[in-house]
Structures are given as structure tokens and as C-alpha cells.
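**Student:** Below is the structure I would like to discuss, written out as C-alpha cells.
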Amino acid sequence: MFDIQKVREDFPVLRQIINKKPLVYLDNGATTQKPRCVTDVITDYYLRKNSSIHRGVHFLSSQATVEYEKARETVSQFINAKNKHEVIFTSGTTGSLNMLAFSFGEKYIKEGDEIILSEMEHHANIVPWQLLCERKKAKLKVLPFNDDGELLVDQLEYLITEKTKIISVIHISNVLGTINPIKKIIEIGHSHGIPVCIDTAQSIQHVPIDVQKLDCDFLAFSGHKLYGPTGIGGFYGKEKWLEEMPPYQGGGDMVDEVSFEKTTFNQLPFKFEAGTTNYIGAIAMAEGINYIQGIGLSNIADYEHELLEYGAAKLKEVGGVKIFGNAFARTPIFSFHIENVHPLDTGMIFDKMGIAVRTGTHCAQPIMQHYGVDGMVRASLSFYNTKEEIDYLCTGIEQVKRMFL
Ligand code: PMP
């Protein structure tokens with residue numbers, strides 16, 4: 001499929017010793033590590049190429065502008081957008097969803113309207129909509145999931161009314177790993193004339209995404225979970241919506257003509273990119289995309305599925321571990337409890353062993369409320385993780401069990 005040892009050499013951070021133990025990095029749901037080609041691009045830009053985009057006629061500025069727009073082309077092809085001006089660079093998934101909630105909300109949401117989310121959303125796909133609902137006196141409705149962590153999609157038909165204006169759902173759960181049937185959700189939404197947004201923060205790096213095939217109206221993602229840098233991400237919107245939606249922020253670059261009496265706005269995508277954007281981030285994110293495309297998204301999905309099956313079997317074998325979520329379709333994210341041990345204690349013992357996992361509510365408190373827990377331990381894997389690392393995670397669990405016996 002691909003040479004895992006060779007791939008790991010591309011990520012210098014993975015070769016570190018932490019607490020006198022080789023690092024076992026299993027916190028990829030929070031952020032992925034960066035291949036050297038991405039950090040090389042960033043260094044090269046700051047050392048030799050830095051110049052503000054869309055601003056000058058001089059060589060460096062023109063070069064940066066060309067490469068920034070090339071990065072947009074890369075993202076556009078990666079998600080198969082129909083037009084590259086449907087891709088907006090933002091600060092990340094949070095930035096994208098706030099922009100959508102504000103801008104779509106300004107144009108289309110009025111008092112009494114309804115917005116449908118799912119019970120397994122990340123806070124980034126809850127709070128911006130809640131703020132909008134407070135502003136406009138609109139209402140949130142929630143599509144529930146069952147204890148296996150599968151959305152009860154059939155209930156969507158009952159939640160939809162003539163007041164429903166948008167549906168916004170997570171593609172892959174950052175806690176349960178569930179791959180949600182977004183195509184079906186989009187089809188149901190569209191059969192009622194309702195646009196659908198998908199949060200792909202946890203999916204775009206794991207499974208191929210084609211916005212035209214999915215026919216989603218909006219999509220949000222983060223560069224730092226896609227082997228790129230922090231502070232950059234993307235937002236996709238169908239042209240027909242983006243043309244109608246008002247700007248989110250005002251400032252340089254998003255304008256056409258400005259006077260104290262009136263301002264006219266720039267064309268897409270610039271209407272939504274106010275101020276000096278994180279252009280180096282965008283160029284480096286595109287490098288990250290090129291890197292994973294070099295490995296092949298379907299190779300990545302196949303290998304990660306192998307890790308999922310191996311990990312699920314091993315964690316079952318180890319005993320005394322309660323795993324949250326058992327969806328039929330999922331990615332290698334294991335959120336769990338070791339019996340009678342607080343997740344924080346587990347996380348701290350793992351850390352002493354060089355194992356990096358996430359502990360807490362994973363920015364998804366409604367999921368914690370669903371299961372009646374105040375936190376979980378989460379091991380989230382990437383294509384650079386190995387079966388040996390899963391074995392070591394199980395050794396860590398045995399160690400925790402021994403200490404709390
Ligand atoms: N949605 C999901 C599903 C996520 O996992 C995350 C990050 N944990 C976000 C949104 C927010 O992403 P960011 O913090 O990069 O904006």
C-alpha cells in the first residue's frame with residue numbers, strides 16, 4: 001500500500017523521546033503532525049519569499065499572489081469544487097462555521113426559523129448557530145444518535161418543517177469516529193429545499209470528498225488536521241449562495257470601491273477574505289494536501305481501516321475498557337474509559353509512557369451528556385501510526401489497570 005516506515009521519516013516530530021520513552025502520538029483528532037515538505041514551505045516563504053498578496057506589482061508580491069491562488073486551485077481540485085472561487089480561505093473550521101452562521105443568518109434567518117444540527121456536533125458547529133438564534137430569535141433542533149453512535153437519520157423527516165432554513169452536520173465524529181451518511185442527509189434536506197452544510201474537520205484527511213457528487217451546499221475544514229499549519233482552513237459554498245450572502249467581515253481586499261457614503265464589494269472569493277489573509281498558511285496547507293494525495297486518499301482510508309479493525313479487536317482483548325461508539329462505518333478514533341479510572345488519571349499515566357492522547361470532553365459536551373460521563377480518553381489515529389503503537393497503547397491500559405487495582 002505504502003511504506004509506513006518511509007512515511008514516518010517525513011514527520012521528524014514522531015522520532016522524539018518524551019518522558020524517556022519514544023513518542024506514541026495518538027492525538028491526531030486534535031491536530032495532525034506536519035511532514036517536512038510543509039515546514040520547508042513555511043520556512044522558505046518566511047526566509048526568501050514573504051510578501052503581501054493582491055497588493056503590489058513587485059516580484060515578491062506577484063509571486064506570493066500566484067502561489068496563493070494556486071493553493072486555492074489545489075483545494076478546489078481536492079474537493080472537486082465546480083469553481084475555484086467557491087473556495088474561501090478562513091482560519092479553520094471554527095472560522096468557516098462562524099462565517100456561515102453569521103452571513104447565511106443575516107440573509108436568510110428570521111424570527112421563528114429553525115436550524116437543524118445533530119447531537120454529535122463539535123462545539124464549533126453548535127455555538128455559532130446558538131449565537132445566531134439568540135440574535136434572530138430562531139430555534140435549534142437536534143437530530144439524535146443511538147448508543148452505538150449512529151445518527152437516527154430517519155427522524156430527520158420529522159424534525160423538518162416549513163420553518164427549517166438550514167441543516168448543518170458533522171461528517172465524521174471527532175469523539176465516536178462515526179462516518180455519518182451525509183449523502184442521505186443532503187438528499188433529505190434538498191427534497192425539502194433546505195441547504196446542507198457539512199463539517200469535514202475530521203473527514204477530509206481520511207476519506208475522499210467530492211462536493212459535486214455529495215451536492216452539499218457548504219463545507220468547512222481545518223488545515224492543521226490536514227497535515228498543514230494552524231490558523232488556516234477552508235470554506236466551500238455553492239456559488240449561488242455565496243453570491244447572495246453578505247460579507248462576514250469588512251476591511252482591505254474584500255472591497256471594490258470605498259467612500260464614506262458607500263462601499264461596493266469585491267467579487268468571489270475575495271468578498272469573504274477581508275484583510276491580510278494567512279497566505280503562507282494557505283500555500284503550506286496546499287503542500288499538505290499534495291503530500292497526502294501523493295500517498296493516495298484511498299490508500300490512507302484502507303490502511304486506517306486496518307488500524308481500526310486491529311485496534312478494536314485489541315482493546316476488546318485487553319478487557320476492562322468501555323469504548324464509546326460502535327458504528328458500522330467509522331474511522332480509527334477510540335474514545336474510552338478504563339473501569340473505575342478517571343480519564344485524566346489515564347491521560348497522565350499514558351503521558352509518563354510517552355503516549356499522547358486527548359482527555360476531557362473533546363469540545364463535544366452533548367456527547368458526554370448522552371452517555372452520562374464527564375469526559376473520555378481518546379486515541380485518534382493517522383496513517384503514520386502503526387499496529388505496534390496500538391499494542392503499546394494496550395500495554396499502557398494494562399499499566400493503568402494495575403495501578404488502580
Ligand atoms: N469540528 C470538528 C469535528 C472538530 O473535530 C474540530 C476540531 N477538534 C472543529 C470542528 C474545530 O476545528 P478548529 O479548532 O480547527 O477550528
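The values are calculated or read from the model by the stated rules, or taken from the named source; none is laboratory data. Please read these numbers as outputs of a predicted model, since none were measured by experiment. Here Cβ is always computed from backbone atoms with ideal geometry, including for glycine, and neighbour counts include all displayed protein chains. Heavy atoms of the whole protein, side chains included, go into the accessibility calculation; ligands, DNA and RNA do not. Shrake-Rupley method; radii C 1.70, N 1.55, O 1.52, S 1.80 Å.
**Student:** In the range 265-335, what is the volume of the convex hull around the alpha carbon atoms, normalised per residue and reported in Å³?
**Tutor:** That works out to 177 Å³ per residue.
**Student:** Would you calculate the separation in nanometres between label points at Glu257 and Tyr46, each defined as 7 Å from the Cα along the Cα-to-beta-carbon direction?
**Tutor:** The answer from the label model is 4.1 nm.
**Student:** Let me ask another. For the pair Leu344 and Asn83, how long in nm is the line joining their label points, each one 7 Å along Cα→Cβ?
**Tutor:** Result: 5.1 nm between the two label points.
**Student:** When all alpha-carbon pairs of the range 308-388 are counted, what percent fall beyond 18 Å?
**Tutor:** Every Cα pair in the range 308-388 considered, those over 18 Å come to 42 percent.
**Student:** For the range 39-293, what is the accessible area per residue in Å² when the probe is 1.4 Å?
**Tutor:** Accessible surface, normalised per residue, equals 41 Å².
**Student:** Within the set of other residues whose C-beta is less than 9 Å from the C-beta of Ser168, count the net charge using Lys and Arg as +1 and Asp and Glu as -1.
**Tutor:** Value of the local net charge: -2.
**Student:** Now for a different question. Please report, in debye to the nearest 20, how large the charge dipole of the range 39-293 is about its Cα centre when each Lys and Arg carries +1 at its beta carbon and each Asp and Glu carries -1 there.
**Tutor:** 400 debye
**Student:** Put one equal scatterer on each alpha carbon of the chain, apply the Debye formula with no solvent term, and list log10 I(q)/I(0) at q = 0.07, 0.09 1/Å to two decimals.
**Tutor:** -0.34, -0.56
**Student:** Can you compute the FRET efficiency between Val127 and Gln369 using 1/(1 + (r/R0)^6), with r the Cβ-Cβ distance and R0 = 22 Å? Round to the nearest 0.05.
**Tutor:** That gives a FRET efficiency of 0.90.
**Student:** Work out the charge dipole of the range 39-293 with +1 on the Cβ of Lys and Arg and -1 on the Cβ of Asp and Glu about the Cα centre, then indicate which of Phe272, Thr200, Ile167 is farthest towards its positive end.
**Tutor:** Among Phe272, Thr200, Ile167, the one farthest towards the positive end of the dipole of the range 39-293 is Phe272.
**Student:** While we're here: Rank by packing, highest mean first: peptides 376-387, 60-71, with packing defined as the count of other Cβ atoms within 10 Å averaged across residues.
**Tutor:** 376-387, 60-71
**Student:** Then there is this: Compute the separation of the alpha-carbon centres of the range 37-93 and the range 108-179 and state it in Å as a whole number.
**Tutor:** Cα centroid to Cα centroid, the span is 33 Å.
**Student:** A follow-up question, please. Roughly how many Å is it from the Cα centre of the range 198-215 to that of the range 299-371, as a whole number?
**Tutor:** 23 Å
**Student:** For the range 150-263, what Kirkwood radius comes out of the mean inverse Cα-Cα distance, in Å?
**Tutor:** Result for the range 150-263 stands at 16.1 Å.
**Student:** Give the Debye-formula value of log10 I(q)/I(0) at each listed q (0.16, 0.17 Å⁻¹), with one equal scatterer per alpha carbon of the range 1-136, two decimals each.
**Tutor:** -1.11, -1.14
**Student:** Add -39500 (n - 2.57) for each DSSP H run of 4 or more in the chain, then divide by its residues: what number comes out at 222 nm, to the nearest 500 deg cm²/dmol?
**Tutor:** About -12000 deg cm²/dmol.
**Student:** For the range 200-287, what are the per-bin percents of Cα-Cα distances with bins 5 Å wide, up to the bin holding the maximum?
**Tutor:** Cα pair-distance distribution for the range 200-287, in percent: 3, 13, 19, 20, 20, 14, 7, 3, 2, 0.
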